[in-house]
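Below is one structure, written out as structure tokens; comments come after it.
Nothing in this text is a laboratory measurement; each read-out follows from the coordinates by a stated rule. Quantities reported herein were computed from a predicted structural model and do not represent experimental measurements. Don't worry about glycine lacking a Cβ; one is built from the backbone with ideal geometry, like all the others, and counts go over all protein chains shown.
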Amino acid sequence: MKFTLSWLKDHLETTASLEDILYALTDLGLEVEEVVNPVAKLAPFTLAKVLEATQHPDADRLRVCKVLTNEGEKQIVCGAPNARAGITVVLCKPGDYVPGIDVTLGVGKIRGVESHGMMASERELELSDEHNGIIELPTGEVGQKFTDWLAENRPAVCDPVIEVKITPNRPDALGVRGIARDLAARGLGKLKPLEVPAIAGGFASPVTVAIDESLKAKGCPHFAGRTIRGVTNGPSPDWLQARLKAIGLRPISVLVDITNYFTFGLNRPLHVFDVAKVQGGVLRIHPAQGGEEFLALDGKTYALRAGMMAISDADGVESLAGIMGGEHSGCTDKTTEVFLESAFWDPITIATTGRALKINSDARYRFERGVDPAFTLPGLDLATRMILDLCGGEASDLAVDGAAPDTTRVYKLNPARVSSLVGMEIPEAEQRQTLTALGFKLNGNQAVPPSWRPDVLGDADLVEEVARVASLTKLVGKPLRRMVPGVPRPILTPLQIRERAARRTIAALGYNECVTYSFIDEAAAALFGGGSDAVRVENPISSEMTHLRPDLLPGLLRAAARNQARGFMDLALAEIGPAFHGGEPGEQHLQATGLLVGASAARDPHGSRRPVDVFDVKADVEAVLAALGAPAKVQISRKVAGWFHPGRSGAIGLGPNVMASFGEVHPKVLAEMGVKGPAMAFTVLVAAVPQPKVKTPTRPALAISDLQAVDRDFAFVVDKGVEVLTAVNAAQGTDKALIESVRVFDQFTGDKAEAQMGAGKKSIALTVRLQPTDKTLTEADIEAVSKKVIEKVTKATGGTLRG
Amino acid sequence: MDGLDDLKAKYLTAVAGVTDEGALEGLRVAALGKKGEVSALMAGLGKMEPDQRKAAGAMLNVLKDEIDAALRAKKAGLADAALDARLREEWLDVTLPGRPRPRGTIHPVSQVMEELTAIFADMGFAVAEGPQVESDWYNFDALNIPPEHPARQEHDTFFMHRAEGDDRPPHVLRTHTSPVQIRAMTEQGAPIRVIAPGRVYRMDMDQTHTPMFHQVEGLAIDRDISMANLKWTLEEFCRAFFEVDKVELRFRASHFPFTEPSAEVDIRYSNVGGQLRIGEGDKWMEILGSGMVHPKVLAAAGVNPDEWQGFAFGMGIDRIAMLKYGIPDLRAFFESDLRWLRHYGFSALDMPDLAGGLSA
């Protein structure tokens, strides 16, 4: 919302400075976004006097002037026909920037004669289009600042333009008068009275109005107008054009300009119909049938949908009610008889239609936020008066249907509540004064909001008005006491603690945590089991962000591809965040995903560099699971999602509960995502890790034995498809009391192994640690256990002890 | 006993001249070995008269100790020299790089979320969470933004696809963390203190906007919580978060449908040579929106507005991270550029806590 200072002062009697007004506006909740001082660019220029003007020796049209300035006498060459001795001029000196010609002056030589500056025309200073000669001022002293002279003598061109941001709850502030009222309530002046003239109708309006019965209750409760005949349309007077131009509107003709003036000045949108083009003498306000074509004033044709409100004459739609008038019945310079409309429209209906047709107009903007329903007729009368004053003519009687809806409502003013809610002491008298100044009617503790404040809908709104006018800047903080005295209790949930543990562990393992977008492209989503309509964004911002991600891996792979394109080939990236398994609220789950790409390290003298492999991510996923408190004993299955290498991946679980998966990323997926491999990944489903059953900080007692533990090594020859975990579990199960641990310490596979042990065979080597608890083991005890281990393992694996 | 001085001189001279351990051992055997010269003299003691033996014995012991000490000293000296020689051989170029250890990083958004949590936990705020796909009721209606409210248009909402035949209003990607207020109050009732950090979504992408960003919501409901408490809470938060001695906040009246009264909050700062300093200077920057929870919002969450009141606020996490750590570009937060992650990321062990200072 833009307005000028002088426009504001039409409504506000004030001596406050511009600075004070701007501060108050922002503080009141009418945030100042920009202030443009139109003459700021003229600040360097001063007044000067031409002492002497003589003919240039080498140019007929030029004169060499001796000019008295605040820096003494200067010589200036000038081509203006009116440059002559005795006149007071506006001087631009070398070094000054002249806006109208976009030039910073220097000392010039014109046809051989030095010139120290220039004397400006109005156009050169962007004051008007006048360029027939240089400015001649009737008054003013040499050396006086030109901007000071303008402020004194032509205040209209110095009028600062103020732009404020109006929050959707304040339609009343979409008119200059509403802004003035807020400032008056704040104490920055007095709201000037608005006197509504009595318009004496001289004849019955040849155009009458009729609201369709179906719209009277809601869509259009009140529609009024009157005909003014014998008007002369044409350009507006300068002051009106200047106002509209200042706020960025294009003056059109006086009739149209008056409607705009009311829209911005009083938040009262109006429309003018050229009576000569209205057929049948009745304007009908009705819901559209659907399919009507309508050429609007913006030059575009709109097809109305059934139910949209229209204003039609006998020939068809002439106006899209409350949003935009029609080209056909619009006013032109030839208009001599005009029908002036002032109506009250239902905000929701206007908003719905405006959005459906994508028309943004100043009228729609105001009607959908809410104009003053009680101001329909006063606004009409005021505008009629202005038309009569500026265009002449004669006004008819009122043509009206419906009535202003009664918005009267009463809320209780509880002065104590202001203190309680805001925490600021504001005397009751001041509270009452504020509300009264804002237009509330007070009757004891009953407050009736003014008709122009549709946003006031409860007691709390009264508090807000009082607090905002009193100024929240004055609010002084008061300590918030603890809910429970003493040392604060822990507040994180078990899952939140886990999320942190996962994140910190993953970073400690060397991954760089990323935060990638929750949405990805359909192709990538489909590769990872997503991409269905249930997770499709209806209005995506780009084709790369159309679906909610089913998994964190595609986002990390895309990130890896971007980094590889920049030359970073070895990566450890991770993300801890939500993945979406459906499109309903809550169909999301927390994943912690890591991705290793390329080599384990840079080349170095120690030979550290090697391609990353499955056992890197396996170690990492185990570390994360351990950090989350997962039990040490888990199952590893090969039932893994399709984006992993089928032979080089596994899922870690407890029974049917899958906690994590890891493996090499499927080469096809890598190719599709544009990543150069190898690439290994893991995902931990953070919530799937069971919470510990025991909830006490006390540790179980430490059980250690003084008896010597014994390690025995075994090597078995097995089929190469046998999983080593089978052997480990079998060995472990041999004697649960005695066997403390079983570790794999070697594996021998490949051609050499098969040459030694037979085709399709490999050897695995285990070390079994025996920990006696009551007596030292004898050689016989050890032999007995070893024999059982061999039996169990060979039975479980179908292998043999390696000889 | 004659000749002892000569013997002593002979061996001490010999020991001094020895250059290897083998020769030294030979000398030891020659002097002090079972058949050595000193041992032989010692053996001769038995044949002496007691008086004579006493005097000669003492002299021989002195001689033996002196030779032994010289032998030992020489031995240690030779060993040291040998070790020195070996160590000289074992020289390594220690300017070679150490074995690589991977160094991971925590994303600034995660770090700042933990900082927020540490501060608010101290003031008794728990961390609440909610779904990112939200029903329009939670995202709008319950927050006093009815379907035709102009504020809905200003939210640049992402809508989820609706299957044909499903007549429910489309779900949205939550446009703010405020729906978590409703969920938390519905679940826990009042009194309540929570913050709700998380991802939010708006259809906006340019120099300073990304379609996804992070917000933190704050909510405190009790019988007598006022806007003055809100101001104190935010002042304390900002002071602790920005790690400065004092901050100055300015409340400016504004409008949010879900709070009343509503205020936008500005923080005092200075800009010295492109470096922002919070708490000093003469500039003001808007950092968050806040207010007293609207009675309709309380009612929508099943909390009786006649009994309970309190405040809510919402703040951009990415934005305060940028302010605090001097990160220039929001878009880079989500681009996962390794150089950026390394430069602006935090170490795994850099866990924010109030005792040690958040970013210490």
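As a rough footprinting exposure proxy, the listed residues B:W308, A:W452 were ranked by other beta carbons within 10 Å of their own, and the order from fewest upward is B:W308, A:W452. The Cβ shell under 12 Å around B:D337 holds other residues with a net charge of +3, Lys and Arg each +1, Asp and Glu each -1. Computed from the C-beta positions of A:T332 and B:H343 and an R0 of 56 Å, the FRET efficiency is 0.30 to the nearest 0.05. The helix-only estimate of mean residue ellipticity at 222 nm for chain B, built from DSSP H runs of length n ≥ 4 each weighted as -39500 (n - 2.57), is -12500 deg cm²/dmol after division by the residue total. Label-to-label distance, A:E754 versus A:D781, with points set 7 angstrom from Cα along the beta-carbon direction: 4.5 nm. Between the beta carbons of B:F159 and A:V107, assuming R0 = 56 Å, the FRET efficiency works out to 0.30 to the nearest 0.05. Measuring nothing but how far apart in sequence close Cα pairs (under 8 Å, 6+ apart) lie, relative to its length, segment A:228-382 scores a relative contact order of 25 percent. Remind me, relative contact order of chain A in percent, using alpha carbon pairs under 8 angstrom and six or more residues apart? This gives 8 percent for chain A. The order of A:M673, B:M285, going from fewest to most other C-beta atoms within 10 Å of their C-beta, is B:M285, A:M673.
Quarter the surface of the alpha carbon convex hull of chain A and you get the mean projected area, 58.8 square nanometres. Could you size up the charge dipole of the protein assembly as shown around its Cα centre, putting +1 on the beta carbon of Lys and Arg and -1 on that of Asp and Glu, and report it in debye to the nearest 20? I would put it at about 3380 debye.
I need A:V466, A:V77 ordered by Cβ neighbour count within 10 Å, fewest first.
Result, fewest neighbours first: A:V77, A:V466.
What the Cβ-Cβ distance of A:T436 and A:A200 gives, at R0 = 51 Å and to the nearest 0.05, is a FRET efficiency of 0.95. Evaluated over the Cα positions of segment A:415-530, the convex hull gives a direction-averaged projected area, one quarter of its surface, of 15.6 nm². Note: relative contact order over chain B, using C-alpha pairs below 8 Å and six or more positions apart, is 16 percent.
Any chance you could run the full-extension gain for B:Q275 through B:L87? It's 0.36 nm times the residue separation minus the Cα-Cα distance, nm to one decimal.
Residue separation times 0.36 nm, minus the Cα-Cα distance, leaves 62.4 nm.
Run the helix sum for chain A: -39,500 (n - 2.57) per DSSP H stretch of 4+ residues, divided by residue count, reported at 222 nm to the nearest 500 deg cm²/dmol. Show your work: numbers first, answer last.
On the way: 21 runs with 218 residues, N = 803.
After summing the helix terms and dividing by residue count, I get -8000 deg cm²/dmol.
Across peptide B:233-241, the mean count of Cβ atoms from other chains lying within 10 Å of each residue's own Cβ comes to 1.
Within 10 Å of each Cβ in peptide A:475-488, how many partner chain Cβ atoms are there on average? Round it to a whole number, please.
Going residue by residue through A:475-488 and averaging, the value is 6.
Along the charge dipole of segment A:95-198, pointing to its positive end and built from +1/-1 on Cβ of Lys, Arg, Asp and Glu, which listed residue (A:A180, A:A156, A:Y97) has its Cα farthest out? It is A:A180. Against the main long axis of the alpha-carbon atoms of chain A, helix A:376-391 sits at an angle near 50°. Once the chain from A:R61 to A:S6 is taken as fully extended at 0.36 nm per residue, the excess over their C-alpha distance is 15.6 nm.
Averaging the Cα positions of each part gives two centres, and for segment A:207-230 and segment B:153-186 these lie 39 Å apart.
The modelled label-to-label distance between A:V744 and B:R53, using points 7 Å beyond Cα along the C-beta direction, is 7.9 nm. Take each residue of peptide A:464-472, count the partner chain Cβ atoms within 10 Å of its Cβ, and average: the result is 5. Here the label points at A:E126 and B:R99, each 7 Å from Cα along the C-beta direction, are separated by 7.0 nm in the simple model. For A:K761, the residues whose modelled amide H falls within less than 5 Å of its own, excluding neighbours fewer than 5 places apart on the same chain, are A:K720. Please work out the Cα center distance from segment A:541-617 to segment B:65-103, rounded to the nearest Å. For segment A:541-617 versus segment B:65-103, the Cα centre distance is 50 Å.
Net charge dipole, segment A:411-472: roughly 160 debye, given to the nearest 20, about the Cα centre with Cβ charges of +1 for Lys and Arg and -1 for Asp and Glu. From most to least packed by mean Cβ count within 10 Å, the peptides A:277-287, A:427-437 give A:277-287, A:427-437.
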